[in-house]
Amino acid sequence: MKNHTAADVIVVGSGAGGGAVALRLAERGLHVLLLERGTFLPKEQDNWSVDAVFFKKIYTSTEEWLDREGRPFRPSMFYNVGGNTKLFGCSMLRFRERDFDDLEHAEGLSPKWPITYDDLLPYYEQAEALFGVHGNDDNDPTAPRRNGYPYPFPPVPSEPLIASVADRLHKAGLHPFALPLSIDVREGGRCILCKTCDGFPCKISAKNDAETSLVQPALATGRVELMTGAHAKRLILSPDGKQISAVEVLHEGKLRKLTAKTIVLSCGAVNSAALLLGSAADGAPNGIANSSGLVGRNYMCHNQTAMMSLSRHLNPTGFQKTLALNDYYFGESGFPYPMGNIQLLGKLQSGMLAANVKFLPRSVGAALAGRSVDWFIQSEDLPEIDNRVMMDGNKIRLSWSQNNLTGHRRLVKRFSSVLRGIGYPVILTEAMVRHSTSHQCGTVKFGADPAESAIDPYCRSHDHNNLFVVDASFFPSSAAVNPALTIVAQALRVADHIAANDFQCHVSWQESSV
């Protein structure tokens, strides 16, 4: 493109949602201007430095948000090409089929989605192909239908100690399965299966994140222009209020108004909501796309606990994150309510513990980390109207508190007992709750009824027909698995809808396949 006004579509944000929309639209022959607030994350030695990543937090945004009480905090947000996926853990799980229906929890109802698992099924397959996912869910008791398509690559093999843990869990009556992962360990791939994957950027581009899997292929089409250092500050309404006429962007110290027929927001659940609310105008006094009053509300981010299971034996494992369990996903005998997902963490290192646990000497952290097998426990939190994103002047205010902890606490207790039974007598847990912004979702709910949702089932604003919001904002519920694959699947589905309905680029499903 010769200039920024030549774009058919402006996509704001280059993470999982924005990257997928840009790639698919470009494949359909459309011209896309992709705006990214940050720049390319550099490939450097610090990518794999515990001190740089966890203590100095050199890749974490320095911006300041406010919590429920108005106290400032530094959120764990990453503004770079590829968004938060540059430091994600590469877990690419599909939602379970029942996650799309009303699901009763111990403390309330997880609401039904306006689409079904079948609506996303072909797009889950395409998303797994784009991200080169390695996996095998044959042993997963909750595995959703796969429509005959296996994972693109076989599972990442477990190292000996983890394979032994899997065997002991199996003998205890559980069903550990291969955690689906988007890392490049195919034959001839770049991955070296190191300890610095989960929570780190990859300096050898072996992590199949949104940059490597979506943005770079999108740029290779020649129909996508990437504008970095472009901070979207405001959406500007048309005089009749029915459309977005421009995106106001701060770029190289100047405010610029960029235009296109269609606008797609993919800034993440917090920032997309904040941009909509911060764009309030005469035609939308409560914020853009907010006639329902729901923009910013129903914020969710999962109930999350890190668990260290300790024995007297050293754990020599390098790449640890290969197993998951869903035996308790929908409950257990005597407790007919969902509990959640269990998966291994990347191998904890001593400095990582000291960075997150106050007053823990590094020597103690090293001793613990050297003998631990490390787990991540996640359970569904429920949408609550007062868990919300707001604007406080020009600052984001995240007013949030936990809910639906009954099932989560039961899962932590149950799995702790299991681990003690297979040879790990000491269990340490750390709730990952303070100012949580990982797995953020739910702030721009989608649905068929404009009174009960902000965007429709294809993520189009009910209020402004050329505006779409395509990131985890659209989730009506959070399920209990990592959100990345579902974001990408819906983004591909939405992009096909935009191409066909807004630009008459009619394609068959076979042409959409990867």
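Brief remarks on what is shown
- All positions within region 143-156 that are over 23 Å from the mean Cα position of the chain (by Cα) and either assigned to a strand (DSSP E or B) or surrounded by 14 or more Cβ atoms within 10 Å (Cβ to Cβ) (or both): Y149
- Residue in region 320-333 that is open to solvent by less than 30 Å² (accessible area, probe 1.4 Å), at pLDDT below 95 and in contact with a Gly (Cβ under 8 Å, 6 or more places away or on another chain) present: no
- Matching residues in region 447-480 - criterion: being in contact (Cβ under 8 Å) with a residue 60 or more places away in the chain and more than 22 Å from I236 (Cα to Cα): G447, A448, A451, E452, P457, A472, F475, P476, S477, S478, A479, A480
- Residue count, region 16-35 (criterion: in a helix (DSSP H, G or I), open to solvent by less than 10 Å² (accessible area, probe 1.4 Å) and touching a helix residue (DSSP H, G or I) at 6+ places or on another chain (Cβ under 6 Å)): 9
- Taking region 391-412 as the range and being closer than 10 Å to R68 by Cα and either outside any loop (DSSP other than H, G, I, E, B) or more than 20 Å from the chain's Cα centre (by Cα) (or both) as the test, the residues that pass are R397, L398, S399.
- Beta carbons closer than 7 Å, at least 6 apart along the sequence or on distinct chains, pair a first residue in region 29-41 that is more than 18 Å from C505 (Cα to Cα) with a second that is open to solvent by 10 Å² or more (accessible area, probe 1.4 Å) and among the basic types (K, R) for L41/K86.
- Region 470-482, residues that are within 24 Å of L275 (Cα to Cα) and crowded, with 24+ Cβ neighbours inside 10 Å: V470, D471, A472, S473, F474, F475, S477, S478
- If you go through region 247-264 and keep only what is under 9 Å from A232 (Cα atoms), among the hydrophobic types (A, V, I, L, M, F, W, C) and touching a Leu at 6+ places or on another chain (Cβ under 7 Å), you end up with V247, V249.
- Some residue of region 7-26 being at pLDDT below 95 and of a type in the set (V, I, T): no
- Entry remark, region 238-259: residues being touching a helix residue (DSSP H, G or I) at 6+ places or on another chain (Cβ under 8 Å) and among the hydrophobic types (A, V, I, L, M, F, W, C) number 1 in total.
- Looking at L226, L193, just one residue is in a loop (DSSP other than H, G, I, E, B), surrounded by fewer than 22 Cβ atoms within 10 Å (Cβ to Cβ) and modelled with pLDDT of 95 or more, and that residue is L193.
- Among the residues of region 413-463, the ones that are open to solvent by 70 Å² or more (accessible area, probe 1.4 Å), part of a loop (DSSP other than H, G, I, E, B) and either within 30 Å of P176 (Cα to Cα) or among the hydroxyl-bearing types (S, T, Y) (or both) come to 4 in all.
- Scanning region 255-278 for residues that are under 25 Å from the mean Cα position of the chain (by Cα) and either open to solvent by 60 Å² or more (accessible area, probe 1.4 Å) or not aliphatic (A, V, I, L, M) (or both) turns up T262, S266, C267, G268, N271, S272, G278.
- Condition met for E252 (open to solvent by 30 Å² or more (accessible area, probe 1.4 Å) and out of contact with any Gly (no Cβ under 6 Å at 6 or more places or on another chain)): yes
- Contact map, region 279-296: residues that are on the phi > 0 side of the Ramachandran plot and in contact (Cβ under 8 Å) with a residue 24 or more places away in the chain paired with residues that are open to solvent by 40 Å² or more (accessible area, probe 1.4 Å) and assigned to a loop (DSSP other than H, G, I, E, B), Cβ distance under 7 Å, separation 6+ or inter-chain. Pairs shown: A289/D463.
- Those strands (runs of 3 or more DSSP E) lying entirely in region 239-315 with at least 3 residues more than 26 Å from L492 (Cβ to Cβ) and among the aliphatic types (A, V, I, L, M): 303-310
- Region 371-389: number of residues that are open to solvent by 50 Å² or more (accessible area, probe 1.4 Å) and either in a strand (DSSP E or B) or among the aromatic types (F, W, Y) (or both): 1
The values are calculated or read from the model by the stated rules, or taken from the named source; none is laboratory data. Not measured: the values here are computed from a predicted model. Cβ coordinates were reconstructed from backbone atoms using ideal geometry, including for glycine residues, and neighbour counts include every protein chain displayed. What goes into the accessible areas is simple: the full protein's heavy atoms, side chains included, and nothing from ligands, DNA or RNA. Shrake-Rupley method; radii C 1.70, N 1.55, O 1.52, S 1.80 Å.
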